[in-house]
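Engineer: Okay, here's the structure, questions in a sec.
The values are calculated or read from the model by the stated rules, or taken from the named source; none is laboratory data. Here the structure is a predicted model, which is why all the values come from computation and not from measurement. Note: ideal-geometry Cβ built from the backbone for every residue, glycine included; neighbour counts use all protein chains shown. These accessible areas exclude ligands, DNA and RNA; they are computed on the full protein's heavy atoms, side chains included. Shrake-Rupley method; radii C 1.70, N 1.55, O 1.52, S 1.80 Å.
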Amino acid sequence: MLTRVTLGDDGRTIELGWQDGAVSRFHAMWLRDNALDDKTRSAGNGQRLITILDIPAETRIDKTSIKGGALEVTFVPEGKAVNFPASWLRAHAYDRKEDHEPGWTEGDVQRWTKATMQNSVPRAAYGDASRDGNVLRQWLAAVRRFGFAVMDGLPTESGALCKVADLFGYVRETNYGRWFEVRAEVNPNNLAYTNLGLQAHTDNPYRDPVPTLQILACIENTVEGGESSVVDGFAVAAALQAENPDGFRLLSSYPARFEYAGSSGVRLQSKRPMIELGPDGELICIRFNNRSLAPAVDVPFAEMDKYYAAYRRFAALIEDPAFEVTFKLEAGESFIVDNTRVMHARKAFSGSGKRWLQGCYADKDGLLSTLAAIEHGFKEAAE
Ligand code: NM2
Ligand code: OGA
Ligand code: ZN
């Protein structure tokens, strides 16, 4: 509950007092820009109708009052009165003292290791997820929280993996196709299409932006070996940062180079760090793929020794079984990974029997949007 409002700095700021003792300041300019009235925002789609240049630079607040759970303010020189629900102001307060350490992550991201994850892998059956919004919501929320989840009960037929993407969004097509066959081939254009083991990696770091989700579905798997594993790159990055802050700094502040030119007409190249932080230090993306790492040319000579030592240690931690969750995909099973965070690997497999997987990419923003919309719907239904 909002209990008090006072004007500050000649009406350029206001200070709100809340019943629980919290205090939050707002700027007149910020409030004017974010006004909720139907001249500022379309009542139909919520989009802003004005530009920043429509707001006078000298905007101030000259009158305030609290009425029925809302704050009313009048902006001058426009002489415009606007209402802000108290709950909206509370939810959008920005006057906080939060000093994030570099490498922080959002509250809905939870790091995991073998010890915390091996026996509680998030899983849903395709039939349940497609019929029951609650099952889908929980499965998508697991992808948001842990960066991976298993889905079983898929038809063991070609293209079935697209049904998983259809639950929340769209397949992202690339030079590998709408989806790709993952099986041992003669003259493969990518080492994924062999029976070799693949070190834990993120896919397509040579693309910018990288595909943010990958789905791998199993149609047949009767070989010896060929197990899958996943590793939480955010957990490994945090472990590296804890034991070697300077190594973390090197991998997050210097660009690496990635390249793929394995088939004709394709030369994909990118210049991005192995550990990417956002402008506010948030850990936002891991890129790790020994097969497509190109020569590093953006690390100063004086730091290259240390950069390689950090890369080696990061790789060793990624290989550490304490971080690895392993399972063997059976026919009709699939898993999804957040390719900006969780690495996947496979063990080598023998020539006898058959291993046929299909893979595709999809977009995480679409998944998060669908999840948020489902959650919003659940909340409205509960009210
Ligand atoms: N495939 C499976 O990023 C990579 O090159 C890993 C990708 C060929 C689409 C393999
Ligand atoms: C891939 C990949 C793993 C597997 O295709 O990107 O990593 O289990 N495959 O074959
Ligand atoms: Zn892969």
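Engineer: Among Val5, Thr51, Gln19, whose Cα projects farthest towards the positive end of the dipole of the stretch 2-91, with charges put on the beta-carbon of Lys, Arg (+1) and Asp, Glu (-1)?
Structural biologist: Of the listed residues, the answer is Gln19.
Engineer: Could you pull the accessible area for His92 with a 1.4 Å probe, rounded to 10 Å²?
Structural biologist: 80 Å²
Engineer: Pull out the extension gain between Asn189 and Asp54, defined as 0.36 nm times the separation in residues minus the alpha carbon to alpha carbon distance; nm, one decimal.
Structural biologist: Contour length minus the Cα-Cα distance gives 43.1 nm.
Engineer: Separation of the stretch 237-315 and the stretch 121-136 by C-alpha centroid, Å?
Structural biologist: Distance between centres, Cα-based: 36 Å.
Engineer: Here is a follow-up. Note down, for the stretch 1-98, the three equivalent ellipsoid semi-axes (square root of 5 times each alpha carbon gyration tensor eigenvalue), biggest first, whole angstrom.
Structural biologist: Equivalent-ellipsoid dimensions as semi-axes: 21, 16, 13 Å.
Engineer: Using the heavy atoms of the protein chains alone and a 1.4 angstrom probe, what is the accessible area of the stretch 2-91 per residue in square angstrom?
Structural biologist: 56 Å²
Engineer: Same structure again: Could you provide, to the nearest whole Å², the per residue accessible area of the stretch 114-374 with probe 1.4 Å?
Structural biologist: 42 Å²
Engineer: Then there is this: I'd like the GluC sites (Glu not before Pro) in the stretch 60-150 restricted to DSSP loop residues with at most 16 other Cβ atoms within 10 Å, sorted by number.
Structural biologist: Glu78, Glu98, Glu106
Engineer: Another one. Over the stretch 2-91, what relative contact order in percent results from Cα pairs under 8 Å that are six or more residues apart?
Structural biologist: Relative contact order, the stretch 2-91: 24 percent.
Engineer: To the nearest 20 debye, what charge dipole does the stretch 202-299 have about its Cα centre, counting +1 at the Cβ of each Lys and Arg and -1 at the Cβ of each Asp and Glu?
Structural biologist: Approximately 460 debye in magnitude.
Engineer: In the stretch 1-70, what trypsin sites (Lys or Arg not before Pro) fall in a loop by DSSP, with at most 15 other Cβ atoms inside 10 Å?
Structural biologist: Arg12, Lys39
Engineer: Mind checking which lysines have their C-alpha under 19 Å from Lys354, skipping anything on the same chain fewer than 8 residues away?
Structural biologist: In chain and number order, the partners are Lys328.
Engineer: Calculate for the chain the 222 nm mean residue ellipticity that helices alone would give, adding -39,500 (n - 2.57) per DSSP H run of length 4 or more and normalising by residue count, nearest 500 deg cm²/dmol.
Structural biologist: Rounded to the nearest 500, the figure is -7500 deg cm²/dmol.
Engineer: Find the relative contact order for the chain and round it to a whole percent, using C-alpha pairs within less than 8 Å whose residues are 6+ positions apart.
Structural biologist: Once normalised by length, the contact order is 22 percent.
Engineer: How large, in percent, is the carbon and sulfur part of the accessible surface of the chain at a probe radius of 1.4 Å?
Structural biologist: Ligands and nucleic acids excluded, carbon and sulfur reach 50 percent.
Engineer: Where Lys and Arg each count +1 and Asp and Glu each count -1, what net charge lies around Tyr176 among other residues with Cβ under 15 Å from its Cβ?
Structural biologist: +2
Engineer: Which lysines have a Cα lying under 24 Å from the Cα of Lys63, excluding residues fewer than 8 positions away in the same chain?
Structural biologist: Those lysines meeting the cut-off are Lys39, Lys80.
Engineer: Ignoring ligands, DNA and RNA, how do Ser292, Ser263, Ser87 rank by accessible area with a 1.4 Å probe, largest first?
Structural biologist: Largest accessible area first, the residues go Ser87, Ser263, Ser292.
Engineer: Report the net charge of residues surrounding Val297, where surrounding means a beta-carbon distance below 14 angstrom and charges are Lys +1, Arg +1, Asp -1, Glu -1.
Structural biologist: Net charge around Val297: 0.
Engineer: Rounded to the nearest 20 debye, what is the charge dipole size of the stretch 114-374 about its Cα centre when +1 sits on each Lys and Arg Cβ and -1 on each Asp and Glu Cβ?
Structural biologist: Using Cβ point charges on Lys, Arg, Asp and Glu, the stretch 114-374 gives about 180 debye.
Engineer: Add +1 for every Lys or Arg and -1 for every Asp or Glu among the other residues with Cβ under 11 Å from the Cβ of Gly353, and state the total.
Structural biologist: My count for the surroundings of Gly353 gives 0.
Engineer: Mind jotting down the three principal axis lengths of the chain based on Cα atoms? Whole angstrom, largest first.
Structural biologist: 80, 58, 44
Engineer: Could I ask something else about it? Once the whole set of protein chains is in place, how much accessible area is left on Ile66, using a 1.4 Å probe, in Å² to the nearest 10?
Structural biologist: The accessible area comes out at roughly 60 Å².
Engineer: Once you mark the chymotrypsin sites (Phe, Trp or Tyr not before Pro) that are in a DSSP loop and have at most 15 other Cβ atoms within 10 Å, what is the longest gap between them in the chain?
Structural biologist: The answer is 171-383.
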